[in-house]
Amino acid sequence: MPLAEGRKLSIYRIEDLPDSHLLKVLGIRKGTQFIIQSKQPFKGPIVVKVGNRSIAIDYDIAKKIEVEEVA
Amino acid sequence: MSCHVMEAQERPRDKKLKILLMGNPNVGKSVVFSKLTGLQVVSSNYAGTTVDYTLGNITFSNKEGVLIDVPGTYSLEATSEAERVAVALLEEGADLIICVLDATHLERNLDLALKLQEYPIPIVYSLNLLDVAERQGIKIDVEKLSEELGSPVIPTVAIKNKGLMELMRTAMKLSQEKKEPGPKLEDEERWKRIKEIVDKVQIQVDKELTFIEKLENWTIQPWPGIPIALLVLIASLGVVVGGGKALRAAILLPLVRQVIMPLLNKIVSLVIPAGILRNVLVGEFGIFVIGIEWPFALILPYVFLFYLVFSFLEDSGYLPRIGVLADGILRRIGIQGGNIIPIMLGYGCAVPAIIGTRAATTYKERIMVASLVSFAVPCASQSGAFFALLGDKSILALIFVYLLSILAMLTVGKIVNKVIPGKSQPMLLEVPNLLLPDKDALKKKLKIRMKHFLIDAEGPMLIGIVIAAIVAETGILNEISKLIAPFVEGWLGMPKETSLSLLLGIIRRELAVLPLLEMNLTTLQLITGAIVALFYLPCLSVFGVLVKEFSLKVALFIGLITTTSAFLLGGLFNQIGSIILGFVG
Ligand SMILES: Nc1nc2c(ncn2[C@@H]2O[C@H](COP(=O)(O)OP(=O)(O)OP(=O)(O)O)[C@@H](O)[C@H]2O)c(=O)[nH]1
Ligand SMILES: [Mg+2]
């Protein structure tokens with residue numbers, strides 16, 4: 001499922017993602033687990049919480065990140 | 001002869017040490033830099049405050065060195081301008097790296113920390129922001145971390161000056177040593193290593209959420225984040241507009257009008273006989289009026305309060321959150337949410353706003369923000385002038401002008417987005433911690449910005465003064481006025497003396513407004529004048545920065561478009577307004 005379709009406060013793990021340098025250094029990598037902290041109106045960014053860091057990810061990028069819900 | 005002697009000869013005693021100050025964005029490098037060098041550089045609580053590097057001299061126990069504030073980078077792959085600068089500085093070589101680490105985000109910071117070890121330069125780590133880490137319940141074993149990294153780690157709270165002495169001492173000692181370049185690790189290996197290190201040295205204690213942490217969460221939710229954002233904006237406006245008005249009315253205006261100006265008048269009258277020279281000094285548009293009363297009594301309070309509020313918000317880490325909330329809407333006009341920060345800064349002054357777009361945005365977005373800010377965002381000086389002109393006479397007119405400026409921004413954004421090829425960069429950012437801004441840091445920043453204002457304002461103001469005094473008192477202005485009267489009177493419906501506004505407005509934006517103060521205008525004329533001034537030429541400094549950051553062509557183009565729209569919109573408003581008033585009256 002694309003990250004853009006994720007639900008707020010659910011926990012996900014990244015299965016697949018575009019090859020982006022900045023994503024990697026921000027710690028958004030294959031296997032990273034996170035919780036969706038907020039979603040914004042008008043297809044604004046998805047804010048995910050990885051550990052104690054909040055990272056805002058553009059909606060179009062979030063569409064290309066495949067995630068799986070972790071129970 | 002042993003190698004040691006050779007080495008000592010290679011590095012002569014009097015040679016200055018070269019020290020690179022590096023780290024991720026927004027970890028406190030610029031604060032460390034200012035504290036160590038005593039130089040003032042701007043620091044803010046969001047990534048990309050430093051886009052170019054700054055040099056500063058330091059002396060410590062008789063050794064001299066140059067400290068270089070390198071722009072913050074997450075890595076060294078030269079994918080952005082900041083990273084290119086950082087890599088270039090590294091390749092040039094240095095005696096030492098001070099690598100600042102954010103203790104609240106150790107894992108992410110270690111990526112660069114380990115990468116830097118691949119260079120043959122000794123490193124000392126400054127584990128910074130420990131006060132915030134403590135608040136968040138993060139505990140880091142400094143000794144273990146130092147062991148793992150194989151280099152000294154000094155705990156610091158830069159903003160409170162804690163640990164910086166120790167940092168310098170270690171730095172100076174280390175700069176005399178040689179270092180073998182570390183092994184190059186593949187990405188995967190390095191991340192594994194980082195995870196190992198973090199697991200060993202860091203403990204996260206579960207704590208009850210503090211109020212700040214709750215606020216951190218609320219401010220990036222649409223609810224209650226958007227209402228909070230509106231409240232913050234309204235409160236800020238209240239402080240700047242209300243406070244400015246109070247300062248002006250209660251202190252500055254009486255001081256200038258009743259004490260300083262009469263005194264100057266008296267002195268001048270005593271020394272200089274009536275005539276052109278006296279008029280040039282104390283006449284209606286004389287040097288003292290334009291040079292003292294206008295900037296100090298009318299403009300300064302607003303500029304000061306604007307920067308006070310803006311600097312506070314900047315240091316609190318709140319602004320990027322507005323960027324996140326606004327991204328969805330701003331992207332419709334092709335601008336990434338993060339650019340709301342330079343646009344807001346444009347309400348202070350367009351020059352730093354345009355320079356500030358260098359950080360992380362594409363060329364297209366830079367041009368967009370630059371045109372928006374030059375076109376439709378009134379700077380603090382101009383706002384001060386608008387408040388003086390309209391505030392007392394018609395609050396509705398004032399609100400109308402600002403709504404019009406926002407409408408114009410959206411329109412220009414949409415058009416420029418279509419015209420200029422290219423893409424805007426999608427948002428991908430780490431939302432900074434909310435911090436209570438430090439008083440000293442705030443004071444310092446305010447001082448720098450006010451100094452800039454005074455220098456930037458008074459310099460061109462002097463030119464304006466001379467021009468105004470000469471053209472007004474020698475009758476040249478009359479000639480010009482007559483020449484453009486058909487246009488000014490016929491199309492804009494303004495008195496012909498408005499030519500002075502148009503003349504001075506080339507120099508600074510508020511000067512396009514202030515001469516109107518003395519003209520006894522009708523409400524229709526007031527608004528028309530304000531509209532023309534709002535869209536009229538960006539000031540000389542902005543023009544200069546446009547040329548420098550883009551090209552002469554871009555600057556001329558922006559200037560042409562803004563001026564044409566100023567006359568077009570102002571005239572249209574006047575014509576339509578007259579017709580409506582004709583019907584009503
Ligand atoms: N509480 C606290 N705040 C700090 C500390 N060090 C820096 N800050 C604040 O952190 C923010 C970022 O500091 P800067 O010096 O601008 O960061 P930088 O590393 O130069 O950032 P860039 O130039 O964007 O790469 C500022 O608001 C500082 O006031 C610290 O030890 N404790
Ligand atoms: Mg900096």
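The values are calculated or read from the model by the stated rules, or taken from the named source; none is laboratory data. Bear in mind the structure is a predicted one, so any value in this text is a computation, not a measurement. Positions of Cβ are backbone-derived with ideal geometry, glycine not excepted, and every protein chain shown enters the neighbour counts.
Somewhere in the range B:100-107, is a residue surrounded by 23 or more Cβ atoms within 10 Å (Cβ to Cβ) and over 22 Å from B:V205 (Cα atoms)?
Among the residues of the range B:100-107, at least one is surrounded by 23 or more Cβ atoms within 10 Å (Cβ to Cβ) and over 22 Å from B:V205 (Cα atoms), which makes the answer yes.
It is to be established whether one or more residues within the range B:401-423 are closer than 18 Å to B:L516 by Cα, modelled with pLDDT of 90 or more and of a type in the set (A, V, I, L, M).
Checked against the condition, which is being closer than 18 Å to B:L516 by Cα, modelled with pLDDT of 90 or more and of a type in the set (A, V, I, L, M), the range B:401-423 yields at least one hit.
Would you check if A:P18 is within 9 Å of another protein chain (Cβ to nearest Cβ) and either assigned to a helix (DSSP H, G or I) or touching a helix residue (DSSP H, G or I) at 6+ places or on another chain (Cβ under 7 Å) (or both)?
Against the criterion (within 9 Å of another protein chain (Cβ to nearest Cβ) and either assigned to a helix (DSSP H, G or I) or touching a helix residue (DSSP H, G or I) at 6+ places or on another chain (Cβ under 7 Å) (or both)), A:P18 does not qualify.
Filter the range B:83-112 down to the residues that are among the small types (G, A, S) and more than 12 Å from every other protein chain (Cβ to nearest Cβ) and list them by number.
B:A86, B:A88, B:G93, B:A94
Restricting the search to the range A:24-43, which residues are among the hydrophobic types (A, V, I, L, M, F, W, C), within 26 Å of B:I329 (Cα to Cα) and facing another protein chain (nearest Cβ under 7 Å)?
Within the range A:24-43, A:L26, A:F42 meet the criteria.
Tell me, please, whether a residue that is in contact with a Leu (Cβ under 6 Å, 6 or more places away or on another chain), within 30 Å of B:E107 (Cβ to Cβ) and surrounded by 11 or more Cβ atoms within 10 Å (Cβ to Cβ) can be found in the range B:183-196.
Checked the range B:183-196: at least one residue is in contact with a Leu (Cβ under 6 Å, 6 or more places away or on another chain), within 30 Å of B:E107 (Cβ to Cβ) and surrounded by 11 or more Cβ atoms within 10 Å (Cβ to Cβ).
Every residue in the range B:78-110 that is acidic (D, E) and within 14 Å of ligand 1 (Cβ to nearest atom), please.
Across the range B:78-110, the qualifying residues are B:E81, B:E83, B:D102.
Check whether at least one residue in the range B:74-83 is surrounded by 19 or more Cβ atoms within 10 Å (Cβ to Cβ) and within 13 Å of ligand 2 (Cβ to nearest atom), and report yes or no.
yes
Condition first: modelled with pLDDT under 90 and near ligand 2 (Cβ under 9 Å from one of its atoms). Now tell me which residues in the range B:31-50 satisfy that.
Within the range B:31-50, B:V41, B:V42, B:S43, B:S44, B:G48, B:T49, B:T50 qualify.
Between residues in the range B:436-449 that are in contact (Cβ under 8 Å) with a residue 12 or more places away in the chain and over 10 Å from B:F312 (Cα atoms) and residues that are more than 16 Å from ligand 2 (Cβ to nearest atom) and not in a helix (DSSP H, G or I), which pairs lie under 6 Å by C-beta distance while being six or more apart or on different chains?
none
Anything in the range A:47-59 that is more than 7 Å from chain B (Cβ to nearest Cβ), crowded, with 20+ Cβ neighbours inside 10 Å and within 17 Å of B:E216 (Cβ to Cβ)? List them, or say none.
If the condition is that a residue be more than 7 Å from chain B (Cβ to nearest Cβ), crowded, with 20+ Cβ neighbours inside 10 Å and within 17 Å of B:E216 (Cβ to Cβ), then A:V48, A:V50 are the ones that fit.
May I ask you to say which residue of B:F304, B:F296 is crowded, with 17+ Cβ neighbours inside 10 Å and without any contact (Cβ under 8 Å) to a residue 60 or more places away in the chain?
After applying the criteria, what remains is B:F296.
Quick test of your reading of the structure: B:D102 fulfils all but one of (1) at pLDDT 90 or above; (2) within 12 Å of ligand 2 (Cβ to nearest atom); (3) farther than 24 Å from B:E186 by Cβ. Name the failing condition by number.
(2) is the only condition that B:D102 fails.
Can you pull out the residues in the range B:302-336 that are in contact with a Pro (Cβ under 7 Å, 6 or more places away or on another chain), of a type outside the set (A, V, I, L, M, F, W, C), within 13 Å of another protein chain (Cβ to nearest Cβ) and outside any loop (DSSP other than H, G, I, E, B)?
Scanning the range B:302-336 gives B:P320, B:D327, B:G328.
Which helices (runs of 4 or more DSSP H) sit wholly inside the range B:496-585 and have at least 1 residues that are more than 30 Å from B:Y363 (Cβ to Cβ)?
The qualifying helices (runs of 4 or more DSSP H) are B:499-504, B:523-535, B:552-584.
Is it the case that B:E64 is within 16 Å of ligand 2 (Cβ to nearest atom), within 21 Å of B:I123 (Cα to Cα) and at pLDDT below 90?
no
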